[in-house]
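Inspection log for the structure reproduced underneath, given as structure tokens.
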Amino acid sequence: MRTSTYHLVVAPDGRAPEGSAPELAAVRLISLLPPGWRYSPEYPDGTLSLILEPPPGTTEEAAYAVLFRTLADPILRGWSWTNPPED
């Protein structure tokens, strides 16, 4: 069974405290993911770029639901998803 991967880019949106580190945003975001998700973070130009792989059998709909719910958590206030899926 093929498992999809998702590329998530998150950047400061002006609401975060000055100097907010993308590494801290990564720790916060990763801590909110359900068990079984794999991730590979990078930090280009003050942003957070994550390659995410949900557990096998996760539907695309369920994966995006997790990502939207995770990024809506108040702990990530000041960081916005810059490459959300198009409708």
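The values are calculated or read from the model by the stated rules, or taken from the named source; none is laboratory data. A quick note: this is a predicted structure, and the numbers were derived from the prediction, not measured. No Cβ is skipped: glycine too gets one built from the backbone with ideal geometry, and neighbour counts run over all protein chains shown. Protein only, heavy atoms only, side chains kept; ligands, DNA and RNA dropped before computing areas. Shrake-Rupley method; radii C 1.70, N 1.55, O 1.52, S 1.80 Å.
Here are some notes:
- Cβ-Cβ contacts under 8 Å between residues 6 or more apart (or on different chains), taken from a first residue in the range 16-30 that is farther than 14 Å from Gly46 by Cβ to a second residue that is among the polar types (S, T, N, Q) and open to solvent by less than 90 Å² (accessible area, probe 1.4 Å), are listed as Leu29/Thr70.
- Selected residue (only one of Leu8, Leu52 is open to solvent by less than 30 Å² (accessible area, probe 1.4 Å), over 19 Å from Ile75 (Cα atoms) and outside any helix (DSSP H, G or I)): Leu52
- Leading residue by the ranking (nearest to Gly78 (Cα to Cα)) among those in the range 11-39 that are part of a strand (DSSP E or B) and modelled with pLDDT of 95 or more: Tyr39
- Unmet requirement for Thr58, which otherwise passes all of (1) assigned to a loop (DSSP other than H, G, I, E, B); (2) within 27 Å of Ser20 (Cα to Cα); (3) among the β-branched types (Val, Ile, Thr): (2)
- Any hit, the range 63-86, residues being surrounded by 12 or more Cβ atoms within 10 Å (Cβ to Cβ), in a loop (DSSP other than H, G, I, E, B), of a type in the set (Asp, Glu) and in contact (Cβ under 8 Å) with a residue 40 or more places away in the chain: yes
- Count - residues of the range 12-36 that are more than 10 Å from the chain's Cα centre (by Cα) and buried (at least 17 other Cβ atoms within 10 Å of the Cβ): 3
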